[in-house]
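The structure appears below as structure tokens.
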Amino acid sequence: SPGYAVLAFLAGAFLGWEYPSVAIQQAADKRQKLIRKNLPFSIDLITSAMQAGLDFIAAVRYYVNNGGTGPLQQEYGVVLKEIELGKSRIDALRGMSARIQIEEFKGLVTAVAEGAEMGASIVETLRIHAEEIRRARYAAAERQAQRAPSLMLIPMALFIMPAVFIIIFTPVFIRIQDSGFSQMF
């Protein structure tokens, strides 16, 4: 009928309008999660390469070539290309920070920039910051684990508790019916 056709058209138009933005947001969230997960490892690998005698750019290149695949390696590859095209190391890292929009990395870029201005060792700055990122991830995981019991309460109340009540009260109800007390209610 025409009413169903109009309703189907409106539902399809709504889905067609909303689905792309939802899909893009989910892909961006997944990408940020992967970057956040791999960030401490990448910093450790770059730090180890710098301790072995490589400069920062060569250490980042080592990570891009040997660190596997993923969005973080792609972003470091973009940083390398920007540096090769003439951007300063700090500007390229700030550009990466603006693209990935992760607070931990923004803090790392700030620490590296201040360390470079003051002449401090970048290796030590990277090592300390990687440890801070790990601690922050661990604290976030603990917060999520502490929320788990309260999130499990709703499914228990909706699904498990009714089943328990049925198991407990069914034999009682059957005995009441068999004894003749059911006519009193």
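So the values come out like this:
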{"quantity": "Unique match (being touching a helix residue (DSSP H, G or I) at 6+ places or on another chain (Cβ under 9 Å), free of Cβ contacts under 8 Å to residues at least 60 places away in the same chain and closer than 16 Å to LYS37 by Cβ) among GLU82, GLU75, GLU114, GLU124", "calculated": "GLU75"}
{"quantity": "Residue within the stretch 9-21 that is surrounded by 10 or more Cβ atoms within 10 Å (Cβ to Cβ), modelled with pLDDT of 90 or more, more than 30 Å from ALA139 (Cβ to Cβ) and in contact with a helix residue (DSSP H, G or I) (Cβ under 6 Å, 6 or more places away or on another chain) present", "calculated": "no"}
{"quantity": "Residues of the stretch 74-104 satisfying the condition of being in contact with a Lys or Arg (Cβ under 9 Å, 6 or more places away or on another chain), under 21 Å from ARG137 (Cβ atoms) and either open to solvent by less than 30 Å² (accessible area, probe 1.4 Å) or modelled with pLDDT of 90 or more (or both)", "calculated": "GLU75, TYR76, SER97, ILE100, ILE102"}
{"quantity": "Test: residue in the stretch 43-53 that is in a loop (DSSP other than H, G, I, E, B), under 18 Å from LEU126 (Cβ atoms), open to solvent by less than 70 Å² (accessible area, probe 1.4 Å) and in contact (Cβ under 8 Å) with a residue 24 or more places away in the chain", "calculated": "no"}
{"quantity": "Residues (within 30 Å of ILE43 (Cβ to Cβ) and open to solvent by 100 Å² or more (accessible area, probe 1.4 Å)) located in the stretch 138-185", "calculated": "TYR138, ARG143, GLN144, GLN146, ARG147"}
{"quantity": "Sole exception among (1) among the hydroxyl-bearing types (Ser, Thr, Tyr); (2) open to solvent by 50 Å² or more (accessible area, probe 1.4 Å); (3) in contact (Cβ under 8 Å) with a residue 60 or more places away in the chain for TYR62, by number", "calculated": "(3)"}
{"quantity": "LEU54 being farther than 20 Å from ILE128 by Cβ and of a type outside the set (Phe, Trp, Tyr)", "calculated": "no"}
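The values are calculated or read from the model by the stated rules, or taken from the named source; none is laboratory data. The structure presented is a predicted model; accordingly, all values stated were derived computationally and were not measured. Note that we place each Cβ from the backbone using ideal geometry, even for glycine, and neighbour counts take in every protein chain shown. In case anyone asks, the SASA skips ligands and DNA or RNA and just uses the protein heavy atoms, side chains included. Shrake-Rupley method; radii C 1.70, N 1.55, O 1.52, S 1.80 Å.
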